[in-house]
Amino acid sequence: MTGRRTGLTLAGIAVVMAAAAAWWQLKAPAALSTEERAALFAVPLDAPEAGAGKFYLGHSLIGPNIPAFVQQLAEAAGFHDPSYHSQLGWGTSLREHWYPTLTINGYAEMNASPAHAPAKPALESGSYDVLVLTEMVDLQDAIRWHDSGRYAGLWASFARQSRADMRIYLYETWHRTDIPEGWLDRIDADLPNLWEGTILAQAKAMADVGVIHLIPAGQAMAAFTRALEAQGGLPGLEDRHGLFALNEDGMRDTIHPNDLGSYLVALVHFATLYHMDPAGLPHELTRADGTAAEAPSPEVAALMQQIAWDVVRRLPQTGVAP
């Protein structure tokens with residue numbers, strides 16, 4: 001009797017899973033071809049001449065410090081930016097941000113700062129020059145269960161209803177360093193297959209979306225790791241693990257960046273948004289709460305700045321001229 005019940009249960013699960021997969025295939029948005037996507041990026045964006053008001057929508061891989069670091073880098077480069085704002089959560093998908101009836105885990109904790117503004121009213125104001133979106137990880141789960149391409153497109157279309165000339169970016173992140181497929185291999189594969197080949201391909205096929213450019217932070221993380229580890233580390237940073245935060249129990253986090261990792265990511269954001277080589281910009285910054293951030297050594301900072309600029313110029317999806 002027990003075996004029969006188990007068999008029926010497994011069979012039922014298989015049917016449900018098959019139905020769910022079929023439903024997802026039916027509802028998935030159409031996608032632009034590789035050639036159609038490439039054509040959208042054939043002409044780079046003009047480099048901005050003034051500061052940019054920015055809105056960030058996502059989760060803890062944006063966090064409070066990366067926008068604060070970008071702001072300080074921009075000011076050091078001579079841009080006088082308006083204040084930035086954000087709406088964040090813990091592992092929150094673009095779909096969960098879209099519907100006010102859905103729960104955003106960690107909403108109170110992640111948005112307890114002057115930088116917070118509710119996303120839809122903020123974007124309806126037309127006050128922002130730039131919208132930075134990112135998707136939850138695991139990215140495969142986000143695409144399958146949270147319809148990432150559709151909601152990236154909905155957010156872009158919504159923002160451009162109030163500000164037609166808004167520049168919109170998808171911030172490419174990364175997965176956990178202990179992922180079974182291999183962290184670097186997964187970063188390499190996810191950009192063409194998932195970030196660009198699925199999310200952007202579907203979003204930009206929707207009406208009134210326009211072009212969504214890319215902030216290739218995951219690519220820079222991988223390139224920096226390869227360069228760092230190939231030379232056996234640099235002063236103050238031995239390997240990839242030193243880019244990630246320590247948990248309360250003293251164990252190394254496998255996905256959330258510390259100040260060093262956040263500095264690298266902020267450099268990529270800066271280089272993409274401002275079309276400017278970050279070489280020589282300050283590497284001693286303050287966190288969003290006003291405390292001094294851990295600074296990379298001059299050698300680490302120089303390599304990070306070089307990698308960020310090289311990666312951003314290499315990819316036409318960023319909108320930056322090669």
**Report entry** Amide proton proximity set for Glu172, modelled H, under 5 Å, gap of 5+
**Finding:** Ile215, Ala217, Gly218
Report summary line: With -39,500 (n - 2.57) per DSSP H segment of 4 or more residues and division by the full residue count of the chain, the 222 nm estimate, nearest 500 deg cm²/dmol, is -13000 deg cm²/dmol
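What percent does the relative contact order of the chain come to when contacts are Cα pairs within less than 8 Å and at least six residues apart?
Working: 526 pairs, mean separation 64.1, N = 322.
20 percent.
Using per-residue counts of other Cβ atoms within 10 Å, averaged over each peptide, order 312-318, 33-39, 122-128 from highest down. Mind showing how you got there, number by number?
Numbers: 312-318: 21.3, 33-39: 11.9, 122-128: 17.9.
Packing proxy ranking, top to bottom: 312-318, 122-128, 33-39.
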Requested in this report: Please work out the Kirkwood hydrodynamic radius for segment 53-135, using every pair of different C-alpha atoms, and report it in angstroms with one decimal place.
Outcome: 13.0
Query raised in the report: Hey, any idea what % of the chain's accessible area is carbon plus sulfur with a 1.4 Å probe?
Result: 56
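Send over a whole-number figure in Å² for the accessible area per residue of the chain, probe 1.4 Å.
On the way: 14230 Å² over 322 residues.
Heavy-atom SASA per residue in the chain reads 44 Å².
Contact order normalised by length for segment 194-304, with contacts defined as Cα pairs under 8 Å and 6 or more residues apart; what percent is it? Write down the numbers at each step before the final one.
On the way: 102 pairs, mean separation 23.5, N = 111.
So the answer I get is 21 percent.
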Report task. Would you mind classifying segment 40-91 by shape? Square roots of the alpha carbon gyration tensor eigenvalues, ordered a ≥ b ≥ c; an a/c under 1.5 is rounded, otherwise it is prolate if a/b is larger than b/c and oblate if not. Result -> oblate
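Past the 16 angstrom mark, what percentage of all C-alpha to C-alpha distances in segment 100-224 do you count? Mind showing how you got there, number by number?
Numbers: 5071 of 7750 pairs.
Of all Cα-Cα pairs in segment 100-224, 65 percent lie more than 16 Å apart.
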Query - Stretchable slack from Arg226 to Val43, in nm (0.36 nm times residue separation minus alpha-carbon distance) - result: 62.9 nm
Report summary line: The set of residues whose placed amide H lies less than 5 Å from the amide H of Arg252, leaving out same-chain residues fewer than 5 positions away, is Asn247
Query - Ratio Rg/Rh, restricted to segment 163-203 and using Cα atoms, in which Rh is the Kirkwood radius - result: 1.12
Requested in this report: Calculate the translational D of the chain in whole µm² s⁻¹ from Stokes-Einstein, where the hydrodynamic radius comes from the Kirkwood formula applied to all Cα pairs, the temperature is 25 °C and the viscosity 0.890 mPa s.
Outcome: 120
Query raised in the report: Which of the peptides 225-234, 50-59 is most tightly packed, and how do the rest follow, going by the mean number of other Cβ atoms within 10 Å of each residue?
Result: 50-59, 225-234
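The values are calculated or read from the model by the stated rules, or taken from the named source; none is laboratory data. Given the structure is predicted, the values throughout are model-derived calculations rather than measurements. Positions of Cβ are backbone-derived with ideal geometry, glycine not excepted, and every protein chain shown enters the neighbour counts. Calculation scope for accessible area: heavy atoms of the full protein, side chains included, ligands and nucleic acids excluded. Shrake-Rupley method; radii C 1.70, N 1.55, O 1.52, S 1.80 Å.
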